[in-house]
Structure formats: C-alpha cells, structure tokens
Amino acid sequence: MRAYRLLAHSRACLLASLLVVAPLCLCLSAVPAAAQTPVDLELVLAVDVSGSVDPDEAKLQRNGYVQALLNPKVQAAIRGGPFGRIGATYVEWSGESYQHIVVAWTELSDPASVERFAAMVAEAPMTTEQWTSISAAIDFVVPLFDNNGFEGMRRVIDISGDGENNRGRPVEEARDAAVARGITINGLPILNDRPNPWGGAAPNDLEGYYRDHVIGGPGAFLVPARDFDAFADAILSKLLLEVSGVQPDGLDFAAR
C-alpha cells in the first residue's frame with residue numbers, strides 16, 4: 001500500500017511539473033526569430049587585391065572607398081532613403097581560394113556609424129594574392145546576404161577590379177546565379193595598360209568585359225576608372241548612384 005501511495009505521489013508531481021513547463025514551452029516556441037532591420041540597400045563592396053594590384057594601388061583603392069564613404073554627399077544619400085540607413089560589408093578577393101571579409105555587415109545611418117565603418121576599412125591589414133577569380137568572389141559574397149540582420153529594398157554587389165576572370169568557373173555562371181536570387185552586380189573596372197607583374201598583357205577591353213560578362217540584374221551599371229589615380233572619383237560617383245538608386249544617362253547598363 002505504501003509503495004502504491006509513493007507511486008501515485010510521483011505521478012502527481014510529474015503531472016504538476018508538466019503543467020508548469022508546457023505553457024513555458026509554448027511561450028518559447030511562439031517567440032519569433034530575430035527581426036531583420038529594414039534598410040534601403042544591402043551593399044557588398046567587393047575589392048580586387050590580386051597580384052596585378054601592387055601595394056600602392058591597393059592603398060589607392062582602400063583610400064578611395066574611405067574618402068567616398070566620408071564624403072558628405074554619400075552620407076546625405078544614405079540618410080535620404082525611405083529608411084535613412086543601409087547595411088554594408090567590405091570584402092577583398094583575388095583567386096579561387098582568397099576572399100576575406102575586412103569589415104562585417106554594419107548599419108550605416110548617421111555620420112558616426114559611417115565614420116566607424118570607414119575607419120575599420122582604413123585600419124585593416126592589407127594583403128595581395130595571386131590570380132583573379134571574379135566568379136569565386138561572387139560565389140563567396142552571395143551567401144553573405146542570408147541572415148545578415150538586414151532586409152533591404154535592394155541587394156547589390158559592387159565589384160571593382162583590374163583584370164578578367166582567370167580562375168574558377170565562368171564568371172557568367174556566377175553572375176546569373178546571383179541575379180536569379182534578386183541581386184544586382186555593378187562593376188568598377190580599373191583600366192590599366194601596364195603589364196601585370198608576371199609580364200602578361202593588360203586586358204584589351206576591360207570595360208566591355210565587365211559590361212558583357214560581370215554586371216547584371218535590375219538597373220546594373222558600371223563606372224570605369226581610367227587608372228588607379230582616378231579610382232577615388234569613380235568610386236564616389238558609383239557609391240552615390242548605388243545608395244540613391246538613381247540611374248542617370250550616359251552610363252553603361254547591363255542588357256539583362
């Protein structure tokens with residue numbers, strides 16, 4: 001009899017525990033996933049640091065982005081959208097095996113947030129690697145849009161580089177896969193007629209190559225830099241267009 005009473009008591013305790021825990025579990029399961037911050041634009045700045053870019057040119061590229069971000073016009077464009085903010089990340093890339101997130105996804109809204117982002121870009125260690133795989137760079141950055149904490153009205157990859165794809169899968173395949181996911185790829189080809197460090201000839205028509213093979217998606221365009229010294233002006237123009245979403249006349253647009 002005593003054993004029976006103990007068993008009954010244990011069952012009653014278990015039932016009481018379940019009655020307490022069950023509502024808690026229901027409440028926890030009802031908690032929604034972390035909300036994505038709405039932004040006007042999710043922007044990946046993807047920068048070529050392949051071997052054809054020497055240390056001085058790599059520094060010119062970095063400084064070009066930093067100065068463009070700090071420009072009052074760019075900051076006004078960031079604040080001028082419906083949400084008044086964008087999400088951005090800065091990535092450097094070269095061959096198939098080298099893609100590096102220099103600055104992770106960051107909300108840019110007020111001058112302080114933009115200045116912090118620009119400072120992190122400026123202060124990060126610099127490196128260059130061999131080969132040029134635009135396709136691997138695109139394949140690397142596309143998943144970065146997933147669960148990045150932002151929900152943008154537009155998703156854009158901004159690719160700058162001074163050479164054609166020479167490693168990895170065909171760049172058109174990577175471009176088309178990104179476009180199929182609703183991502184736009186804009187280009188900033190750096191036109192440079194000097195041979196690369198290994199004696200290879202410079203691309204004959206890098207501007208046309210970017211137009212026909214790299215950029216794609218809704219409103220895709222390219223802004224060529226005539227050389228590395230002109231990079232700062234080109235990236236300023238490009239960032240203004242990307243952040244504002246404006247598509248003025250006189251630029252090369254993708255046919256797709």
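With the requirement that a residue be over 20 Å from E123 (Cα atoms) and out of contact with any Pro (no Cβ under 9 Å at 6 or more places or on another chain), what does the range 57-78 give you? Within the range 57-78, K73, V74, A76, A77, I78 meet the criteria.
Can you say whether I138 is in contact with a helix residue (DSSP H, G or I) (Cβ under 6 Å, 6 or more places away or on another chain) and not acidic (D, E), as far as the supplied structure shows? Judged against the criteria, I138 is a match.
Pick out the one residue from L108, L144 that is over 25 Å from D233 (Cα atoms), of a type in the set (A, V, I, L, M) and at pLDDT 95 or above.
Numbers: L108 fails: over 25 Å from D233 (Cα atoms).
Just one listed residue meets the conditions, L144.
Selection of first residues in the range 63-89 that are over 19 Å from Q36 (Cα atoms) and surrounded by fewer than 17 Cβ atoms within 10 Å (Cβ to Cβ) and of second residues that are β-branched (V, I, T) and at pLDDT 95 or above, restricted to Cβ pairs under 8 Å at least 6 apart or on distinct chains, gives the following pairs, ordered by first then second residue: L70/V114.
When the range 27-76 is filtered for residues that are at pLDDT below 90 and either assigned to a helix (DSSP H, G or I) or on the phi > 0 side of the Ramachandran plot (or both), the ones remaining, listed by number, are C27, L28, S29, A30, P55, D56, E57, A58, K59, L60, Q61.
In the range 167-184, which residue that is surrounded by 14 or more Cβ atoms within 10 Å (Cβ to Cβ) and part of a loop (DSSP other than H, G, I, E, B) is nearest to the chain's Cα centre (by Cα)? Here the answer is I183.
Considering each residue of the range 140-149 in turn, none proves to be touching a residue at least 60 places away in the same chain (Cβ under 8 Å), out of contact with any strand residue (DSSP E or B) (no Cβ under 8 Å at 6 or more places or on another chain), at positive phi and not aromatic (F, W, Y).
The values are calculated or read from the model by the stated rules, or taken from the named source; none is laboratory data. Not measured: the values here are computed from a predicted model. Cβ coordinates were reconstructed from backbone atoms using ideal geometry, including for glycine residues, and neighbour counts include every protein chain displayed.
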